[in-house]
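Let me begin by presenting the structure, written as structure tokens, before commenting on it.
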Amino acid sequence: MLNAKGTLYVVATPIGNLQDFSPRAQKILQEVQLIIAEDTRHSRQLLAHFHINTPLQSLHEHNEKQMTQTLLTRLQQGDNLALISDAGTPLISDPGAYFIQSVHAAQLPIVPIPGASALISALSVAGFPADSFVFEGFLPAKAHARQQRLQQLAEETRTLVFYEAPHRILPSLQDMRDNFGAQRPALLARELTKVFETIQRLPLGELLEWLKSEKQLGEFVIVVAGAPAVEKLLTPEVERIFTLLYQELPLKQAAKLTSEITGVSKNVLYDWGIQLNQATQQE
Ligand code: SAM
């Protein structure tokens with residue numbers, strides 16, 4: 001008789017508060033033959049707390065390709081496996097995409113066991129439109145690349161969500177303020193579901209000042225309101241200031257100064273200046 005194929009369960013674990021570990025997730029992790037974890041030492045502690053003694057295998061970015069064939073063979077032989085990450089939902093800024101693609105390619109069954117994720121938790125309390133949003137994950141670590149990425153996002157009208165590490169939270173927030181404007185509404189969610197959970201919703205400029213006066217410890221999600229549609233930004237007052245400055249200064253400087261005075265992103269103003277130039281040349 002042919003063996004039935006095994007199933008891969010992709011299981012969310014808590015992002016801090018252990019009570020967020022669903023009974024279904026715990027039951028699946030008890031029942032599978034093998035749990036595939038990012039860091040086995042880290043996950044063993046969580047599993048021990050719930051008296052789950054299933055064997056563990058590590059899968060991280062350095063061994064994912066090499067381990068995938070072994071894991072596929074086990075599924076083909078009928079073993080049920082579960083994939084977890086250090087915290088939250090696997091694959092959300094976590095490894096596993098190559099393995100899961102291979103599971104699909106091998107036409108093996110795969111089942112999600114949903115639960116906590118920091119991005120959804122932060123969005124749910126941010127109060128910015130979330131019917132459509134952009135999850136950017138971690139920004140580039142190097143300052144120049146980070147600023148370039150933020151510049152590209154400055155005119156995005158959908159809500160933006162970022163993850164950030166404690167040692168980069170201040171420079172990242174500063175770059176967001178510089179590229180999106182000090183007035184742009186934002187929310188910082190720190191240590192979600194944990195003892196020192198902090199939710200602070202302020203314009204980017206004030207949020208940065210607030211964070212400077214705090215300890216920059218813990219895990220962070222930053223949610224930033226999307227850019228207002230350009231027509232709404234360019235009020236008669238903004239137009240007046242920009243036009244006056246642009247008569248006296250190069251475009252880049254006029255856009256920068258207008259941005260500092262009005263809070264409208266310098267990229268929006270710069271693009272607008274270019275459009276004005278093009279329109280004048282066509283006349
Ligand atoms: N897979 C996870 C998820 O579903 O949210 C994310 C993993 S990613 C490697 C880790 C990052 O997620 C942290 O640096 C932080 O930005 C965010 N994060 C995770 N747990 C968090 C928490 N309790 N509070 C705030 N941010 C958290």
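The values are calculated or read from the model by the stated rules, or taken from the named source; none is laboratory data. Treat the numbers as computed from the prediction; the structure is a model and nothing was measured. Here Cβ is always computed from backbone atoms with ideal geometry, including for glycine, and neighbour counts include all displayed protein chains. All accessible areas refer to the heavy atoms of the entire protein, side chains included, with ligands and DNA or RNA removed. Shrake-Rupley method; radii C 1.70, N 1.55, O 1.52, S 1.80 Å.
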Checklist outcome for this item: Note on the range 172-211: residues of a type in the set (D, E, K, R), part of a helix (DSSP H, G or I) and over 28 Å from residue 88 (Cα atoms) are 177, 178, 206, 209
Checklist entry - Any residue at all in the range 155-164 that is among the β-branched types (Val, Ile, Thr), more than 14 Å from the ligand (Cβ to nearest atom) and either within 21 Å of residue 199 (Cβ to Cβ) or in contact with a His (Cβ under 7 Å, 6 or more places away or on another chain) (or both)? => result yes
Checklist entry - Of the residues that make up the range 211-222, is at least one under 17 Å from residue 154 (Cα atoms) and crowded, with 20+ Cβ neighbours inside 10 Å? => result yes
Checklist entry - Looking only at residues in the range 183-201 that are more than 14 Å from the ligand (Cβ to nearest atom) and open to solvent by less than 40 Å² (accessible area, probe 1.4 Å), which one is nearest to residue 121 (Cα to Cα)? => result 186
Next on the checklist: Which count do you get for residues in the range 212-249 that are away from the ligand (no atom under 16 Å from the Cβ) and outside any loop (DSSP other than H, G, I, E, B)?
Outcome noted: 18
Checklist outcome for this item: Among residues of the range 100-137 being within 15 Å of the ligand (Cβ to nearest atom) and closer than 25 Å to residue 70 by Cβ, the residue surrounded by the fewest Cβ atoms within 10 Å (Cβ to Cβ) is 112
Item to check | All positions within the range 143-162 that are open to solvent by 10 Å² or more (accessible area, probe 1.4 Å) and either among the small types (Gly, Ala, Ser) or assigned to a loop (DSSP other than H, G, I, E, B) (or both) | outcome: 143, 145, 155, 156, 157, 158
Checklist entry - Among the residues of the range 12-31 satisfying the criterion of being within 16 Å of the ligand (Cβ to nearest atom) and of a type in the set (Val, Ile, Thr), which is surrounded by the most Cβ atoms within 10 Å (Cβ to Cβ)? => result 13
Next on the checklist: Of everything in the range 165-182, what is open to solvent by less than 10 Å² (accessible area, probe 1.4 Å) and within 16 Å of the ligand (Cβ to nearest atom)? Give them in sequence order.
Outcome noted: 169, 172, 173, 176
Next on the checklist: Based on this model, can you work out whether residue 259 counts as over 24 Å from residue 127 (Cα atoms), out of contact with any His (no Cβ under 8 Å at 6 or more places or on another chain) and surrounded by fewer than 19 Cβ atoms within 10 Å (Cβ to Cβ)?
Outcome noted: no
Item to check | Counted residues, the range 215-254 - those being out of contact with any strand residue (DSSP E or B) (no Cβ under 8 Å at 6 or more places or on another chain) and without any contact (Cβ under 8 Å) to a residue 60 or more places away in the chain | outcome: 27
